[in-house]
Amino acid sequence: MIICICKSLNDRQLRESIASGASSFDELQFETGVSTCCGSCESSVHELLAAHAAGTGMAAAELRRSALG
Ligand code: FES
């Protein structure tokens, strides 16, 4: 499923980057370029990060805090 139309990134590509260590929104932006144009995909990116965090036992709230800076 396409997540970021601007950068032609799908959920599989983003999940791979997250699994490879891009554990915050900023890191995922840096690694993939996701959400660096119009930004309309940002909430979906946060959902992917939260889902990964939940799967690894990391608190989603903690992840969101780190994404905010
Ligand atoms: S859809 Fe991701 S930056 Fe536009």
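Descriptive notes on the structure:
- Local net charge near Ile18, Cβ-Cβ under 12 Å (Lys/Arg +1, Asp/Glu -1): -3
- Residue-count net charge about Thr32 - beta-carbon cut-off 15 Å; Lys, Arg +1, Asp, Glu -1: -3
- For Ile3, the residues whose modelled amide H falls within less than 5 Å of its own, excluding neighbours fewer than 5 places apart on the same chain, are Leu9, Asn10, Asp11.
- D (Stokes-Einstein, µm²/s), Kirkwood Cα radius, segment 1-55, 1.567 mPa s at 4 °C: 121
Since every read-out is calculated from the coordinates, none of them should be taken as a lab result. Since the model is a prediction, treat every value here as computed from it, not as a measurement. Quick reminder, even Gly has a Cβ in these numbers, built from the backbone with ideal geometry, and neighbours come from all protein chains shown.
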